[in-house]
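Coordinate-derived values only; no laboratory data. Source: prediction; values computed, not measured. Heads up, the Cβs are rebuilt from the backbone with ideal geometry, glycines too, and the neighbour counts pull from every protein chain shown.
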Amino acid sequence: MFTGIIEELGRVREIEKRGEDARIVIEARTVTEGARDGDSIAVNGVCLTALDVRPDSFAADVSKETLFRSTLGRLHTGSPVNLEASVTPITRLGATSCRATSMRVGNFSAPKAMASHGPFELPIRKRLRSTWFFKGSVAVEGISLTIAELTDDYLNRRDSKDVGGHELFPSEAG
């Protein structure tokens, strides 16, 4: 289980194709503190099993299905990724809890800079509309967001909450 509060912005160090699957190596320091092989770490909201955990990185095997159904299939060397270690029985949650399960891959309709504040719209499919509600939460790239407006076509986030001092959706350049 995860809170949807991003602990760290990591980077993809390496992607090794293994048939239709892949092994990714992620540069990270915060989520690897105290982590062991076999622990769960959310990468862009997808729960992965950490392997070869080191002080500055961890690896994870990613199946064809996960690559297809999440944004992990779009990653490349140098891509920024949102990271969160799984909660433990003694973790202070500080937010809603999130299942790290991918429902769909979508696209943003937003201002050019996706900073840690300001509005953006996320187009939604009508068949998924009934799963969300006004002032409810949705996790996008592993980040728990409050729904400020909800129509049949999109949901909107308008708050200016800073999430850990990181950009919510960092650009590829940088």
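Results, tabulated for the structure shown:
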{"read-out": "Fully extended contour minus Cα-Cα distance, from Asp153 to Phe68, at 0.36 nm per residue", "value": "28.2 nm"}
{"read-out": "Ser79 long-range amide H proximity, modeled H, under 5 Å", "value": "Val12"}
{"read-out": "Region 8-85 - Kirkwood radius from inverse mean 1/r over Cα pairs (Å)", "value": "12.0 Å"}
{"read-out": "Packing-based ranking, highest mean first, of 36-44, 50-58 given that Cβ atoms within 10 Å are counted", "value": "36-44, 50-58"}
{"read-out": "Which of Lys64, Lys126 has the fewest Cβ neighbours within 10 Å, and the rest in rising order", "value": "Lys126, Lys64"}
{"read-out": "Other-chain or far-sequence residues with amide H under 5 Å of Glu8's (modelled H)", "value": "Leu83"}
{"read-out": "Euclidean distance between Cα centres, region 30-75 to region 1-25, Å", "value": "4 Å"}
{"read-out": "Order of Ser86, Ser70, Ser130 under a 10 Å beta carbon neighbour criterion, fewest first", "value": "Ser130, Ser86, Ser70"}
